[in-house]
Amino acid sequence: MRMASWLARRVGAAAFLLWVVATVIFIAIRMIPGDPAEAIMGGPGSQASAEALETAREQYHLNEPILVQYVLYLGQLITGDLGTSYAQQRPVAQIMAEMLPATLQLTLISLAIAWLIAFLMAAIAARSSRLGQAMGTVIEVVAAAVPHFWLGAMLIIIFSTWLGWLPAVDTGTVQGIILPALTLAIPLAGFLAQLMRDSLVTAMSSPFALAARARGASEGQVFFRHGFRHAALPALNLTGWAVATSISGAVVVEEVFARPGLGRSLLGAVLSRDMPMVTGIALFSALIYMVVMLLVEAVEAIINPAAARGHDV
Amino acid sequence: MSRTARIFAGLFVGLIFIAALFPSLLAPGDPLAVNPSEAFQTPSLQHPFGTDESGRDVYTRVVHGTADSLTIGLAATALGMGIAILLGVMTAFGPRWIDSMILRLLEVLYAIPALLMALLIIAFTGPGTTPAIIAVGLSTAPGYSRLIRTHLRTLVNSEMFDAATVLGHSRWHKIRNHLIPNTLSTLLALITLGIGQAVIWASALSFLGLGTPPPAPEWGAMLANGRTYLHFAWWLTVFPGAAIVTIAAGATLLGRTATRSRI
């Protein structure tokens, strides 16, 4: 019963959020000086034909009173109708459905790589000397501070131009996804490793680790059964955040490696001021954020019921 | 901060300021001077960072670009911080309903990552330097707001404040003698961290073709330009990017050290 009311509250908050985002975009389009039809078509510079403007007016009900427009717009969004892209003259939802798998694939592969790197770094750092730990910290800080656009370019220079091992442009092959995935994974691994190391060190020197050692558990058992489990919880939250913001993260990387996907479509739509496309991807991104963060919270509650009830552990 | 760290930090900040205010002291040349016969020179003694497709000296451009990149970073941080301080003060001192309303608003804004929000803003304003500043400033404001709100709330609910109330001090006295001194250092650390982030975000926008347009020697714009020649002229990408990373990592480390020694 408590679970159900928690879920209802959360879904309500998510719906409220999507409504706010949609409303802000609706108001913003109409606040741009000049004809909103022109704004939808890409601004005064687009030199849209009179017929095209009329089609836009029709589709967005711009001849109706503003409140009617608003209600119709929300009604369309609820039924999943995101409008038609002006740059491509196709339904926005259809384009997004085509682009989603590529972005999802990139996100999941980069997450797996990030976890692998972070786990190795944290495990090594937690058990090494002071000097080793200090070096680990520097590597983590630098990895976390490097912006995607430069990291991607550097990886291209090293592995494509100099060594010639991997293609600079994503060709859709297995080799093609390695560099884009690494570009996304390295900064995330830096953040993850910092988090994991802190909780690993705390866990390995905690009373429950001492108790496990006293029971005769080997150092390896203590590490996996107690230390790693303890470190996984904060890392899970960060991972959820990375998935939730994956479209935003994909913008730069997909652009650098000329890889098709939702991020690159969003950038193209912003550059050509294709408002239906921008709106659709922004709303979808907000939806993913809400859903993923909800799932993370649920998983956290399962792993650690005490924390979910608001107790500090 | 240890003595050595302080000296390094001082040198770092000093060098950045000289590069930003008096770039000609470090690089006497003209960052826009075109010399087609010297295009695509690899780094050498004469051109430490090489030359670009028009024969412009990349070192001179990176040094002269400090002012542009830093100004954008500073302006965006000032905008984001200004909004955050306003919201923070309103939540900490205003009536309860304002606090919960602003919290709701911030929760909504969290669902839109900073880069996505910056892109949304530019979709409406069109690309350029000023839109990039506004976009970066507005999109970083929610994060700062939450930090400032937490900080002010902790202070207002602290024993120090209770004691001042018991002693019968006025509201203004409490703000002037307890709140402002205890907030300034935190703000300074936050601003330092923020400038580093803002430089990265603004360069990202320029890199994507949404911020400062070429031929200005802004670092992100230089990177965007260097992309075309990435397969042979690596120096066009390596050096401006290294400048961005240096500023960002330097500001992050400075801000973190300041945060640790203050709080």
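Below are the figures for this structure:
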item	result
Entirely in the range A:114-229, the helices (runs of 4 or more DSSP H) that have 1 or more residues that are more than 18 Å from residue B:245 (Cβ to Cβ)	A:130-145, A:174-204, A:207-214, A:219-222
Residue count for the range A:265-275, restricted to those that are in a helix (DSSP H, G or I), in contact (Cβ under 8 Å) with a residue 24 or more places away in the chain and surrounded by fewer than 23 Cβ atoms within 10 Å (Cβ to Cβ)	1
Search result, residues across the range A:235-285 that are more than 19 Å from residue A:105 (Cα to Cα) and small (Gly, Ala, Ser)	A:235, A:268, A:269, A:272, A:280, A:282
Residue satisfying condition, being aliphatic (A, V, I, L, M), in contact (Cβ under 8 Å) with a residue 24 or more places away in the chain and surrounded by fewer than 22 Cβ atoms within 10 Å (Cβ to Cβ), within set A:155, A:163	A:155
Complete set of residues in the range B:5-27 that are more than 21 Å from the chain's Cα centre (by Cα) and touching a residue at least 12 places away in the same chain (Cβ under 8 Å)	B:5, B:26, B:27
Lone qualifier among B:56, B:61 - being touching a helix residue (DSSP H, G or I) at 6+ places or on another chain (Cβ under 8 Å) and of a type in the set (Lys, Arg)	B:61
Tally of residues being free of Cβ contacts under 8 Å to residues at least 12 places away in the same chain and open to solvent by less than 30 Å² (accessible area, probe 1.4 Å) across the range B:100-111	2
The range B:92-115: number of residues that are under 26 Å from residue A:238 (Cβ atoms) and not acidic (Asp, Glu)	13
Among the residues listed as B:136, B:199, the single one being more than 26 Å from residue B:105 (Cβ to Cβ), open to solvent by less than 70 Å² (accessible area, probe 1.4 Å) and part of a helix (DSSP H, G or I)	B:199
Enumerated helices (runs of 4 or more DSSP H) restricted to the range B:12-124, each holding at least 3 residues that are of a type in the set (Gly, Ala, Ser) and more than 14 Å from chain A (Cβ to nearest Cβ)	B:58-93
Cross-chain or 6+ apart pairs with Cβ under 9 Å, the range A:70-86 first and touching a residue at least 12 places away in the same chain (Cβ under 8 Å), then open to solvent by 40 Å² or more (accessible area, probe 1.4 Å) and among the basic types (Lys, Arg)	A:84/A:90; A:86/A:273
Residues of the range B:125-142 classified as under 26 Å from residue B:221 (Cβ atoms), within 14 Å of another protein chain (Cβ to nearest Cβ) and in contact (Cβ under 8 Å) with a residue 24 or more places away in the chain, total	10
Top-ranked residue in the range A:215-260 [being away from every other protein chain (no Cβ under 14 Å) and closer than 16 Å to residue A:101 by Cα; ranked as most open to solvent (accessible area, probe 1.4 Å)]	A:260
Test: residue in the range A:175-193 that is open to solvent by 30 Å² or more (accessible area, probe 1.4 Å) and within 14 Å of another protein chain (Cβ to nearest Cβ)	yes
Qualifying residue in the range A:117-136 (condition: without any contact (Cβ under 8 Å) to a residue 60 or more places away in the chain, under 14 Å from residue A:185 (Cα atoms) and away from every other protein chain (no Cβ under 14 Å))	yes
Unmet requirement for residue A:199, which otherwise passes all of (1) of a type in the set (S, T, N, Q); (2) more than 19 Å from residue A:144 (Cβ to Cβ); (3) open to solvent by less than 40 Å² (accessible area, probe 1.4 Å)	(2)
Residue list for the range B:88-99, filter: surrounded by fewer than 18 Cβ atoms within 10 Å (Cβ to Cβ) and in contact (Cβ under 8 Å) with a residue 60 or more places away in the chain	B:89, B:93
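One line per residue, one yes/no per condition, for (1) buried (at least 17 other Cβ atoms within 10 Å of the Cβ); (2) modelled with pLDDT of 80 or more; (3) in a helix (DSSP H, G or I); (4) within 14 Å of another protein chain (Cβ to nearest Cβ):
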position: A:8; (1), (2), (3), (4): no, yes, yes, no
position: A:21; (1), (2), (3), (4): yes, yes, yes, yes
position: A:34; (1), (2), (3), (4): no, no, no, yes
position: A:63; (1), (2), (3), (4): no, no, no, no
position: A:73; (1), (2), (3), (4): yes, yes, yes, no
position: A:81; (1), (2), (3), (4): no, yes, no, no
position: A:89; (1), (2), (3), (4): no, no, no, no
position: A:94; (1), (2), (3), (4): no, yes, yes, no
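The values are calculated or read from the model by the stated rules, or taken from the named source; none is laboratory data. On a predicted model such as this, the values are computed, not experimentally measured, just so you know. Glycine gets a Cβ as well: all are built from the backbone with ideal geometry, and neighbour counts include every protein chain shown. Just the protein is used for accessible areas: all its heavy atoms, side chains included, with ligands, DNA and RNA removed. Shrake-Rupley method; radii C 1.70, N 1.55, O 1.52, S 1.80 Å.
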